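Participant: One structure, pasted below without further comment.
The values are calculated or read from the model by the stated rules, or taken from the named source; none is laboratory data. None of the values given here were measured: they were computed from a predicted structure. Here the Cβ positions follow ideal geometry from the backbone for every residue, glycine too, while neighbour counts run over all protein chains shown.
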Amino acid sequence: MTNLLPTPHLTILTSNIISLAAEEVNIEIDKHDILLLKTGKAKHRHKANLSYIIGRISGDFIKTLIHKTCRQAKVLYEKFLIQAVKHKIPIRPNRIVPRIFKMKKVDKFFKNIRTHI
C-alpha cells in the first residue's frame, strides 16, 4: 500500500469535503433550530462546529477511502453527520468578550503578562 503524503490535491479534496459536510450539518441544525426557537426552548441559533468537523474528517478520511464498498463509506459518513449535529455551537449576536490580561510593574512601567484562559 502506498503512503498518502500531504499533497496539494489531497488538501484541496479534504477542504472541499469539510465545506460540504459543514453545509450539510448547518442545514440539519437549521431544521432543528426552527422548531426549538418557535417553542421557546432555544435561546440562540446554532451553527456547525468547524473544529470538530475538521478533526473528525482528517482523522477518519483515510478509513472511508479504504472501504471497498460505497455503502460502508456512506454509513460512516451518516454516523459522522449525526455526531456533528450534536456538537453544534451557538451564535450569540452582539457578544463582546473582553480580553483577559494582567499587568505587572517592571521598573517604572507596567507590562502586559499574557495569561492562559
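Participant: Quick one: S51 ticks every box in (1) small (G, A, S); (2) within 14 Å of Q83 (Cβ to Cβ); (3) in contact with a helix residue (DSSP H, G or I) (Cβ under 8 Å, 6 or more places away or on another chain) except a single one, so which number is it?
Facilitator: (3)
Participant: Further, regarding this structure: Which ones in the range 53-84 are closer than 18 Å to D30 by Cβ, buried (at least 16 other Cβ atoms within 10 Å of the Cβ) and either at pLDDT below 85 or in contact with a Lys or Arg (Cβ under 9 Å, 6 or more places away or on another chain) (or both)?
Facilitator: A84
Participant: Among the listed residues K31, K41, identify the single one that is assigned to a loop (DSSP other than H, G, I, E, B), out of contact with any Lys or Arg (no Cβ under 9 Å at 6 or more places or on another chain) and loosely packed, with under 12 Cβ neighbours inside 10 Å.
Facilitator: Working: K31 fails: assigned to a loop (DSSP other than H, G, I, E, B).
None of the other options fit; the residue is K41.
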